[in-house]
Amino acid sequence: MEETYLQSVKYDGEKLYILDQTKLPQVTEFLEIDNIEDVWDAIKQLKVRGAPAIGIAAAYGLVLGIKDSPENDFDSFYKFFKEKEDYLATSRPTAVNLFWALKRMNRRTKAESSKPVKEIKRLLEEEAHLIRQEDENVCSSIGQNALSLFEDGMTVLTHCNAGGIATARYGTALAPIYLAKERGMDIKVYADETRPLLQGARLTAWELMQAGIDVTLITDSMAAMVMQQGKVQAVIVGCDRVAANGDVANKIGTYGVALLAKAHNIPFYVAAPLSTIDLETKTGDEIPIEERAAEEITAGFGKSTAPEGVKVFNPAFDVTPHHLITAIITEKGIMRGNYSEELARLFEK
Ligand code: MRU
């Protein structure tokens, strides 16, 4: 069936189709991928990006990676599988959804070890589909939970892109905005441009405009003034990893936005699917932060904007400490206050 929305990652049984997010908003183009190396590259180069979408792409990447494996015994198949899993795990370090999806595929492989290898491959394809489908439902639930925090007529600010194309559908931080629109509510959005790769300008503003949502683009440095002038009543962002104490890694600049929100007494919400919560990482200090190429800052989008040879620091993410977060919204509900206890309880259930 033709889908009625833009699905950023889809698999037809032979090829993986990835919406090339580096080309947006000018060009809407899908990469046709039939091998694991190109999936690794698409993740690395941010052609597919956003924590949940990275996880989904990685699951399908494994499906492509194992398709030509030896089909004799389980042990040699598992060794082959594990090499591919470890390879994809090197693509990007911060979003835990990548590792979550790979581990889930690994668990399924082991759980089916008594079956013929051919059948295991089929079941792994099924597992990748499940990961994608579940993410759609998860995002829809996050949207419903988050919307209970919003009121008609409100304006919210978001950073980076945690929208439909960063997930299977709906997004995390943007899910309540879409839902509000469906319900006839008027919620307006300020989108931070999000230096240096402009996910806010290129992706969030584009996505929201396509959906007919009132969005105003600002540069990152304008967020303080917009808050000072009383133009936004809440901030909502997505995330790449939530540590066990509630510290949150998200796109570089998020920490600054959280500090600004605190200074202006504006609630700061984080939308987080359970697949982004990592209880093995105790605090934000332990979250691996990706550093990217200097050229993203000195020659972004091909135009040189800094002196040749200048020293550059280019972390792609920062950590917002839990005390700046008003609430973490998951598909299971809304957490406030003692995140260590609430997160632990969430996973006990
Ligand atoms: O480097 P990116 O574009 O992958 O960073 C994405 C973000 O920081 C998103 O906010 C996060 O992954 C959540 S997407 C639902």
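The values are calculated or read from the model by the stated rules, or taken from the named source; none is laboratory data. Being a predicted model, the structure only gives us computed values, none of them experimental. Positions of Cβ are generated from backbone atoms using ideal geometry, with glycine treated the same way; all protein chains shown enter the neighbour counts. In case anyone asks, the SASA skips ligands and DNA or RNA and just uses the protein heavy atoms, side chains included. Shrake-Rupley method; radii C 1.70, N 1.55, O 1.52, S 1.80 Å.
Computed values, structure above
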| quantity | calculated |
| --- | --- |
| Single unsatisfied condition, residue 226 versus (1) part of a helix (DSSP H, G or I); (2) within 14 Å of the ligand (Cβ to nearest atom) | (2) |
| Residue under evaluation residue 215, criteria (1) open to solvent by less than 10 Å² (accessible area, probe 1.4 Å); (2) more than 15 Å from the chain's Cα centre (by Cα), criterion not met | (1) |
| Matching entry among 79, 110, 84 (being among the basic types (Lys, Arg), in a helix (DSSP H, G or I) and within 22 Å of residue 15 (Cα to Cα)) | 84 |
| Residues of the stretch 161-177 that turn out to be more than 7 Å from the ligand (Cβ to nearest atom) and either open to solvent by 10 Å² or more (accessible area, probe 1.4 Å) or more than 15 Å from residue 192 (Cβ to Cβ) (or both), as a count | 7 |
| Hits in the stretch 218-240 (condition: open to solvent by less than 50 Å² (accessible area, probe 1.4 Å) and of a type in the set (Ser, Thr, Tyr)) | 219 |
| Boolean, residue 274 is within 25 Å of residue 147 (Cα to Cα), of a type in the set (A, V, I, L, M) and open to solvent by 10 Å² or more (accessible area, probe 1.4 Å) | yes |
| Scope the stretch 43-55; condition open to solvent by 10 Å² or more (accessible area, probe 1.4 Å), near the ligand (Cβ under 9 Å from one of its atoms) and part of a helix (DSSP H, G or I); matching residues | 52 |
| Index of the failed condition, residue 221 passing every other in (1) touching an Asp or Glu at 6+ places or on another chain (Cβ under 6 Å); (2) farther than 17 Å from residue 240 by Cα | (1) |
| Matching residues in the stretch 229-252 - criterion: being within 16 Å of the ligand (Cβ to nearest atom) and assigned to a loop (DSSP other than H, G, I, E, B) | 238, 239, 240, 247, 252 |
| Strands (runs of 3 or more DSSP E) completely within the stretch 1-42 that count 3 or more residues being not aromatic (Phe, Trp, Tyr) | 16-19, 30-33 |
| In the stretch 282-310, the residues that are hydrophobic (A, V, I, L, M, F, W, C) and either surrounded by 14 or more Cβ atoms within 10 Å (Cβ to Cβ) or more than 16 Å from the ligand (Cβ to nearest atom) (or both) | 287, 289, 294, 297, 299, 306, 310 |
| Some residue of the stretch 132-139 being of a type in the set (A, V, I, L, M), more than 9 Å from the ligand (Cβ to nearest atom) and open to solvent by 10 Å² or more (accessible area, probe 1.4 Å) | yes |
| Matching residues, the stretch 284-300, being over 25 Å from residue 246 (Cα atoms), without any contact (Cβ under 8 Å) to a residue 40 or more places away in the chain and not in a loop (DSSP other than H, G, I, E, B) | 295, 298 |
